[in-house]
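Taking it in order: structure first as structure tokens, then the write-up.
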Amino acid sequence: MAQEMVATLPGKVSQVKIKVGAKVEEDQEALTIEAMKMETPIFIPCNGTVKKLFVKEGDEVDEGDILAIIAGI
């Protein structure tokens, strides 16, 4: 079953730590969003594999935007 990883706040993607096809674990840090000079980590929602990544470093995102699809195991 696939799960969406969504942005929890608006800002700029400052760091992406995952790649499509990578095996990931729940609560692993996936990327960082910078907003108002503060960096906030975004975490993987479940154990699985990164199936699709919708953002890259430098992209602007809004709260609720889908950042990645994680296929659970």
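Can you give the accessible area per residue of the chain, in Å², using a 1.4 Å probe?
63
Of the accessible area of the chain, with the probe set at 1.4 angstrom, what percent is carbon plus sulfur?
Carbon with sulfur: 51 percent of the solvent-accessible area.
Below 18 Å Cα-Cα, how many Lys pairs turn up in the chain? Only count pairs eight or more apart in sequence, or on different chains, if you could.
10
Percent of Cα-Cα pairs per 10 Å bin, from 0 to the last occupied bin, for region 1-58, please list those.
The distribution over region 1-58 is 24, 56, 18, 1, given as percents.
Taking Cα pairs under 8 Å and at least six residues apart, what relative contact order does the chain come out at, in percent?
44
Lys23 to Glu39: extension gain in nm, 0.36 nm per residue of separation minus the Cα-Cα distance?
3.3 nm
The values are calculated or read from the model by the stated rules, or taken from the named source; none is laboratory data. As the structure is a prediction and not an experimental result, all values here were calculated from the model. The accessibility values were calculated without ligands, DNA or RNA, using every heavy atom of the protein model including side chains. Shrake-Rupley method; radii C 1.70, N 1.55, O 1.52, S 1.80 Å.
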